[in-house]
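Asker: Would you mind keeping the following structure in view while I ask a few things?
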Amino acid sequence: MGVPPTRRSRVHLGLPQERRTVVSGCGIPALKRALDVAVATMGLLFALPLWCLIAIAIRLESRGPIFYRQERVGLGRRPFRMYKFRTMVADAERGTGPVWATDGDPRITRLGAILRSTHLDEVPQFLNVLRGEMSIVGPRPERPALVERLAASIPGYEDRCAVLPGITGLAQVRSGYDRSIGTVRRKLRYDRYYIRRRGCLSMDLRIMAATFMVMCQGAFVWRKPTTISPQGVASERET
């Protein structure tokens, strides 16, 4: 998969290449917030018809709530409730305990597999953005117990809490979902690279564009649930 850009390497994910190692900021926080609000508002408006169809489909396919709400760690390690469409069966962890889920996790519903592959399950997080708890682009938020474990075993993991968590991020478009401690370590390098360049709106826009391409690709590639990876700690989604 490669490594994040350094003085000898450059980022390449369908985005323009970067040669710089540290950027003090080529944007203003207020502008990033304005961009977040604008994108989240437009996203909610355009997704409203699809939102209704997804909600009906979830209700018809399996019992349980339409939305999944879970406590996550945000800016400055402050907890908040993150929203998403439910993609697993109700009480998904009752029979398996805390495990790192894979694309083939049998707890994932058929509709849930499609929502995950297209990332449409994340659409409700536009509400978190409007509430100021998340940004469109940033490190993905994790739940408190997982943050405690990873911060204790991976140096610098807490650096991710220096900025608002995001719906998408450089680590997500470059490295996908968490599968093991190894993937978490790799994604942390991308998160820290992004954090050093926070406020650079051009990078945010390129990551958004890359995310859209990933979503389009995911619309044609998804797997039927079959297996579970028995290692690590899981959340409804690991990224």
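The values are calculated or read from the model by the stated rules, or taken from the named source; none is laboratory data. All values derive from a computational prediction rather than experimental measurement. Note that each Cβ is placed from the backbone with ideal geometry, even for glycine, and that neighbours are counted across all protein chains shown.
Asker: Considering only residues that are more than 16 Å from the chain's Cα centre (by Cα) and among the aromatic types (Phe, Trp, Tyr), look in region 34-83 and name the one that is nearest to residue 134 (Cα to Cα).
Answerer: Ranking the qualifying residues of region 34-83, first place goes to 67.
Asker: Let me ask something else. Could you check how many residues of region 103-112 are surrounded by fewer than 20 Cβ atoms within 10 Å (Cβ to Cβ) and among the hydroxyl-bearing types (Ser, Thr, Tyr)?
Answerer: Count: 0.
Asker: Right, another one. Has region 182-195 got at least one residue that is under 25 Å from residue 75 (Cβ atoms), modelled with pLDDT of 75 or more and surrounded by fewer than 16 Cβ atoms within 10 Å (Cβ to Cβ)?
Answerer: yes
Asker: Something else: What do you reckon, is residue 115 surrounded by fewer than 18 Cβ atoms within 10 Å (Cβ to Cβ) and either assigned to a loop (DSSP other than H, G, I, E, B) or modelled with pLDDT of 60 or more (or both)?
Answerer: no
Asker: Can you tell me which residues in region 62-75 are at pLDDT below 95 and small (Gly, Ala, Ser)?
Answerer: If the condition is that a residue be at pLDDT below 95 and small (Gly, Ala, Ser), then 62, 64 are the ones that fit.
Asker: Need pairs with beta-carbon distance below 7 Å; first residue of a type outside the set (Ser, Thr, Tyr) and within region 201-213, second surrounded by 13 or more Cβ atoms within 10 Å (Cβ to Cβ) and in a helix (DSSP H, G or I); sequence gap 6+ or separate chains.
Answerer: So the pair list comes out as 201/32; 201/35; 204/32; 204/35; 207/170; 207/173; 210/173.
Asker: Give me the helices (runs of 4 or more DSSP H) completely within region 123-176, filtered to those with at least 3 residues that are modelled with pLDDT of 95 or more, ordered by residue number.
Answerer: In region 123-176, 125-130 are the helices (runs of 4 or more DSSP H) which contain 3 or more residues that are modelled with pLDDT of 95 or more.
Asker: Since residue 177 meets every condition but one in (1) surrounded by fewer than 24 Cβ atoms within 10 Å (Cβ to Cβ); (2) in contact with a helix residue (DSSP H, G or I) (Cβ under 7 Å, 6 or more places away or on another chain); (3) in contact (Cβ under 8 Å) with a residue 60 or more places away in the chain; (4) among the hydroxyl-bearing types (Ser, Thr, Tyr), which condition does it not meet?
Answerer: Of (1) surrounded by fewer than 24 Cβ atoms within 10 Å (Cβ to Cβ); (2) in contact with a helix residue (DSSP H, G or I) (Cβ under 7 Å, 6 or more places away or on another chain); (3) in contact (Cβ under 8 Å) with a residue 60 or more places away in the chain; (4) among the hydroxyl-bearing types (Ser, Thr, Tyr), only one is false for residue 177: (2).
Asker: Among the listed residues 59, 94, 78, which satisfies the condition of being modelled with pLDDT under 95 and either surrounded by 11 or more Cβ atoms within 10 Å (Cβ to Cβ) or within 30 Å of residue 198 (Cα to Cα) (or both)? Write out each step before concluding.
Answerer: Details: 94 fails: either surrounded by 11 or more Cβ atoms within 10 Å (Cβ to Cβ) or within 30 Å of residue 198 (Cα to Cα) (or both); 78 fails: modelled with pLDDT under 95.
Going through 59, 94, 78 in turn, just one is modelled with pLDDT under 95 and either surrounded by 11 or more Cβ atoms within 10 Å (Cβ to Cβ) or within 30 Å of residue 198 (Cα to Cα) (or both): 59.
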